[in-house]
Amino acid sequence: MTKAKPDEKIVKSASSDAPKATAASLETAARAATKKGPAPVHLWNPPFCGDLDMRIARDGTWFYLGTPIGRAGLVRLFSSIIRKDGDDYFLVTPVEKVGIQVDDAPFVAIDFNAEGDGEAQVLTFETHVGDTVVASAENPIRVSFDPDTKEPSPYILVRANLEALIDRKSFYRLIDLGQHHDVEGKSWFGLWSSGTFFPIMPSKDI
């Protein structure tokens, strides 16, 4: 019996009538669908083809069949067809939809640029797959804290329910830009960008 190559491994189908999907078939469909610009994944409603053995680690590394995907171009391609429905993540093309595992956020913000000061400040972030996003009311920054360790996890919304985890070095730089501002009668420490204040923690807790 001939064994399937790793990139030809078939996922479990949601039903016997659903088409089979592989990493290779997703790559082919994604390349065809993104030739003319960003993938309009919100408009696509293909059949669900089951879960693919693909995972995005917290540091942004993509794994397929337990092995890191070494092709940066392929990672960027797959990252352009991610969609989040509810709490679940999928890779979506016009003809296939497969579930994938995301340990934390699908993107990592690896750097940012700050222009201006105070309320006029504008923060522009870059992700590990080349996305650029300006923090604003439409693309907010939020910070969650682990209830046990109190360790912060900062995020910025990149697009359509998809966030980037802001890496540690960038977050430390952001903290240096933080200011105190009254929010509903209470003083908060946070960040300004594009005329919007993003609270991080109450001033009294610093």
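Per-residue answers, yes or no, for (1) small (Gly, Ala, Ser); (2) at pLDDT below 95; (3) in contact with a helix residue (DSSP H, G or I) (Cβ under 9 Å, 6 or more places away or on another chain):
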{"site": "THR67", "(1), (2), (3)": "no, no, yes"}
{"site": "PRO94", "(1), (2), (3)": "no, yes, yes"}
{"site": "GLY99", "(1), (2), (3)": "yes, no, no"}
{"site": "VAL108", "(1), (2), (3)": "no, no, no"}
{"site": "GLU115", "(1), (2), (3)": "no, no, no"}
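Looking only at the stretch 173-189, filter to residues that are free of Cβ contacts under 8 Å to residues at least 24 places away in the same chain and touching a Gly at 6+ places or on another chain (Cβ under 9 Å); which one of those is nearest to ALA109 (Cα to Cα)? Checking each candidate, the answer is GLY178. With the requirement that a residue be farther than 13 Å from ILE141 by Cα and surrounded by 15 or more Cβ atoms within 10 Å (Cβ to Cβ), what does the stretch 190-202 give you? Matches in the stretch 190-202: none. Residues of the stretch 62-75 being surrounded by 13 or more Cβ atoms within 10 Å (Cβ to Cβ) and either over 12 Å from ALA23 (Cα atoms) or not hydroxyl-bearing (Ser, Thr, Tyr) (or both), which ones? Listed by number, the residues that qualify are TRP62, PHE63, LEU65, ILE69, LEU74, VAL75.
Considering the stretch 147-167, the residues that are surrounded by 11 or more Cβ atoms within 10 Å (Cβ to Cβ) and of a type in the set (D, E, K, R) include one that is farthest from ALA137 (Cα to Cα), namely ASP167.
If you go through the stretch 109-128 and pick out every residue that is of a type in the set (A, V, I, L, M) and either crowded, with 21+ Cβ neighbours inside 10 Å or not in a strand (DSSP E or B) (or both), you end up with 3.
Does any residue of the stretch 129-136 turn out to be over 30 Å from GLY190 (Cα atoms) and surrounded by 13 or more Cβ atoms within 10 Å (Cβ to Cβ)? Break it down stepwise before answering.
The initial filter retains those residues of the stretch 129-136 that are over 30 Å from GLY190 (Cα atoms), namely none.
No - not one qualifying residue is present in the stretch 129-136.
Of all the numbered requirements in (1) crowded, with 17+ Cβ neighbours inside 10 Å; (2) closer than 29 Å to PRO38 by Cα, HIS181 misses one, and that requirement is (2).
Could you pull out the residue among ASP59, ASP53 that is touching a Leu at 6+ places or on another chain (Cβ under 9 Å), farther than 21 Å from ALA160 by Cβ and loosely packed, with under 13 Cβ neighbours inside 10 Å?
The unique qualifying residue is ASP59.
Taken over the stretch 173-196, the criterion of being in a helix (DSSP H, G or I) and among the hydrophobic types (A, V, I, L, M, F, W, C) is satisfied by LEU174, ILE175. For first residues located in the stretch 43-55 and touching a residue at least 40 places away in the same chain (Cβ under 8 Å), partners that are part of a strand (DSSP E or B) and of a type outside the set (A, V, I, L, M) and lie 6+ apart or on another chain with Cβ distances below 6 Å form the pairs PRO46/LYS97; PHE48/LYS97; ASP51/GLY99; MET54/TYR64; ARG55/PHE63; ARG55/GLN101.
Look at the stretch 60-92 and say how many of its residues are under 15 Å from ASP104 (Cβ atoms), more than 11 Å from the chain's Cα centre (by Cα) and not hydroxyl-bearing (Ser, Thr, Tyr).
Keep residues of the stretch 60-92 that are under 15 Å from ASP104 (Cβ atoms), which gives 60-63, 79, 82, 84, 87-89.
Going one step further and asking which of them are more than 11 Å from the chain's Cα centre (by Cα), we end up with 61-63, 87-88.
With the extra rule that they be not hydroxyl-bearing (Ser, Thr, Tyr), the set shrinks to 62-63, 87-88.
The number of residues fulfilling the criteria is 4.
Is it fair to say ALA105 is under 12 Å from the mean Cα position of the chain (by Cα), crowded, with 17+ Cβ neighbours inside 10 Å and not in a strand (DSSP E or B)? I'd like the intermediate steps shown before the answer.
On the way: under 12 Å from the mean Cα position of the chain (by Cα): yes; crowded, with 17+ Cβ neighbours inside 10 Å: yes; not in a strand (DSSP E or B): yes.
Against the criterion (under 12 Å from the mean Cα position of the chain (by Cα), crowded, with 17+ Cβ neighbours inside 10 Å and not in a strand (DSSP E or B)), ALA105 qualifies.
Every condition in (1) surrounded by 15 or more Cβ atoms within 10 Å (Cβ to Cβ); (2) at pLDDT 85 or above; (3) more than 22 Å from THR127 (Cα to Cα); (4) aliphatic (A, V, I, L, M) holds for LEU43 except the one numbered (1).
The values are calculated or read from the model by the stated rules, or taken from the named source; none is laboratory data. Keep in mind it's a predicted model, so treat the numbers as computed, not measured. Cβ coordinates were reconstructed from backbone atoms using ideal geometry, including for glycine residues, and neighbour counts include every protein chain displayed.
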